[in-house]
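Note sheet for the following structure.
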Amino acid sequence: MPQITEDYIRSLLSRISYPGFNHDIVTFGIISNINIQDSRITIDLKFNTKNAETKATVKQEIQDLMKAELPERRVMVMEGIPTMAMPGQNAKPNDPWAGRAPIPGIKSVLAVASGKGGVGKSTVSTNLAIALSQEGLKVGLMDSDIYGPSVDIMMGIHDKPMVNQDQKLLPLEKYDIKMMSMGFILDKDTPVVWRGPMVIKAVDQFLKDVAWGELDVLVIDLPPGTGDVQLSLVQKTPITGAVVVTTPQEVSLVDARRGYQMFKKLNTPTFGILENMSFYPNAATGEPVYIFGKGGGPKAAFELGVPFLGEIPIDPEIAEGGDTGVPIVAKNPDSEATKAFREIAKELLAQGLLERVGR
Ligand SMILES: Nc1ncnc2c1ncn2[C@@H]1O[C@H](COP(=O)(O)OP(=O)(O)OP(=O)(O)O)[C@@H](O)[C@H]1O
Ligand SMILES: [Mg+2]
């Protein structure tokens, strides 16, 4: 008999499919908590549907399974308040996207995330946004990192956004990209001491209160990590798919896996893993030198069963471009890094960035 742990219970629960879907209920993200006390097990569910029949079916299946597998335990199945219920959408009753109202005018949303800070998310977000625009798309870029916004600096924007008649913020435009960042609004020296819920509210509001107009894709630069802010953001935003950025170091790869798990738990597809700062070209021969080891990103992608999107080399011009506000894709079309970003943009389109709309 295996030890009765939370993980063990989760593995049992993963045998149950969510009604009408191929995913199991654990992947679906409806198990919010499992508590084990002596012979009592409490399983907390958080549904994002209001469909009573679906809920009853899931609860019954859990009870039946627990009775069969752990007959000597008393199992309680509880239901918390729905977390993803938001008004004004016409989602189907048992739709996992129920709380993620599409943003009017925006065809698809690409989230750029990482489990660890400083791996190059903002670098990737800005350059990928420009690369996508070079593919002919209308692109927006949202910096949702409220504590450490950097899109303003990386894109070289020093203006403040205006507010239109409807009290919506007008995005600032450069390199054909419409952008919004807390960095446009905050003074550089203002410490951001907001607590979690306020940050979540601010970002949520931020997303809704920007007059984006018509966009093919909105790229969202997420704050680093997999904490409450990220979770809530992903939960509330109609993300078409995510790109998880990593560096080749093991610590970063472990966090990338965690990042992927967060999206999976929230039923948000991951387009793939992107490895940044993979290698630098040998000054004499031009041969790539993999100082942190080769193949970590592809291996992680393989293990997780998601595509590996590509490698971005270490290039001083990237860091310089970030500091001076001219991203490398805009500045140097012939660099290896630019080619890599453009390939990745094409790969995302090939993977249906625009067709997967809202799913
Ligand atoms: N491929 C690269 N070659 C050289 N420098 C790079 C590369 N990618 C990123 N950098 C530099 O590394 C630093 C961190 O990158 P960036 O700010 O994009 O990371 P981040 O993941 O957004 O960080 P944070 O977690 O703080 O938001 C920046 O100074 C950036 O210019
Ligand atoms: Mg950043």
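Derivation of every value follows stated rules applied to the coordinates shown; laboratory data play no part. Model, not experiment: these values are computed from the prediction. Quick reminder, even Gly has a Cβ in these numbers, built from the backbone with ideal geometry, and neighbours come from all protein chains shown.
If we sort 177-184, 281-288 on the protection proxy, mean other Cβ atoms within 10 Å, highest first, what's the order?
Details: 177-184: 23.6, 281-288: 9.5.
By packing density, highest mean first, the sequence is 177-184, 281-288.
DSSP loop (so not H, G, I, E, B), at most 14 other Cβ within 10 Å: list which trypsin sites (Lys or Arg not before Pro) in the range 1-67 pass both filters.
Numbers: sites: ARG10, ARG15, ARG40, LYS46, LYS50, LYS55, LYS59, LYS67; in loops: ARG15, LYS46, LYS50.
Passing both the DSSP loop test and the Cβ count: ARG15, LYS50.
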* Structure fact -> Between GLU79 and residues 5 or more places away or on another chain, the pairs with built amide H atoms under 5 Å apart involve LEU45
* Asked: How much net charge surrounds GLY325 when only other residues with a Cβ under 9 Å from its Cβ are counted (Lys, Arg +1; Asp, Glu -1)?
  -> -1
* Extent of the chain along each principal axis, from alpha carbon coordinates, in Å, largest to smallest? -> 68, 56, 40
* **Spin-label pair LEU186/ALA319, simplified geometry with 7 Å Cα→Cβ offset, distance in nm** => 2.4 nm
* Asked: Which lysines does LYS46 reach when only Cα atoms under 23 Å apart count, and residues fewer than 8 places away in its own chain are ignored?
  -> LYS55, LYS59, LYS67, LYS92, LYS201, LYS236, LYS264, LYS265
* Structure fact -> Charge tally for neighbours of LYS67 with beta carbon under 15 Å away, counting Lys, Arg as +1 and Asp, Glu as -1, is +1
* Can you spot the aspartates and glutamates whose alpha carbon is less than 18 Å from LYS331's alpha carbon? Ignore those fewer than 8 places along the same chain. => GLU135, ASP152, GLU173, ASP176, ASP315, GLU317, GLU320, ASP323, GLU343
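Which order do the peptides 104-112, 22-30 take when ranked by the mean count of other beta-carbon atoms within 10 Å per residue, highest first?
Working: 104-112: 20.8, 22-30: 18.2.
The peptides rank, most packed first, as 104-112, 22-30.
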* Please report the base-10 log of the normalised intensity I(q)/I(0) for the range 6-79, using a Debye sum with one equal scatterer per alpha carbon and no solvent, at each q in 0.17, 0.19, 0.23 (1/Å). => -0.57, -0.72, -1.07
* Where in the range 1-18 does the label zone of GLN37 land, with the point 7 angstrom along Cα→C-beta and an amide N cut-off under 11 Å? -> none
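Based on DSSP H assignment, which helices of the chain show an axial Cα extent of at least 15 Å together with a mean Kyte-Doolittle hydropathy greater than or equal to -0.5?
Details: long enough: 52-69 (25 Å, -0.79); 121-134 (19 Å, 0.37); 196-208 (18 Å, 0.49); 250-265 (22 Å, -0.69); 336-350 (21 Å, -0.09).
Qualifying helices, which must be both long enough and hydrophobic enough, are 121-134, 196-208, 336-350.
Below 9 angstrom from the Cβ of ASN35, what's the summed charge of the other residues (Lys, Arg +1; Asp, Glu -1)? Could the numbers behind the result be given before it?
Details: positive: ARG40; negative: GLU6, ASP44.
Net charge around ASN35: -1.
Given only helices, namely DSSP H runs of n ≥ 4 each adding -39500 (n - 2.57), what is the per-residue ellipticity at 222 nm of the chain, to the nearest 500 deg cm²/dmol?
Numbers: 12 runs with 123 residues, N = 359.
Estimated from H runs of four or more residues: -10000 deg cm²/dmol.
For the chain, what is the relative contact order in percent, using Cα pairs closer than 8 Å and at least 6 residues apart in sequence? Present the calculation step by step, with values, prior to reporting the outcome.
On the way: 701 pairs, mean separation 67.4, N = 359.
Taking the mean separation of contacting Cα pairs over the length of the chain, I get 19 percent.
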* Note down the magnitude of the dipole of the chain about its Cα centre, charges +1 on Lys and Arg C-beta and -1 on Asp and Glu C-beta and zero elsewhere, to the nearest 20 debye. => 1160 debye
* Along Cα→Cβ, 7 Å out, is where each label goes; now give me the distance between the ones at GLU135 and ILE291 in nm to one decimal. => 3.1 nm
* Asked: What lysines sit close enough to LYS138 to cross-link, taking a C-alpha to C-alpha distance under 17 Å and skipping anything fewer than 8 places away on the same chain?
  -> LYS107, LYS174, LYS178, LYS346
* Asked: At what distance in angstrom do the alpha carbon centres of the range 148-180 and the range 21-50 lie from each other?
  -> 41 Å
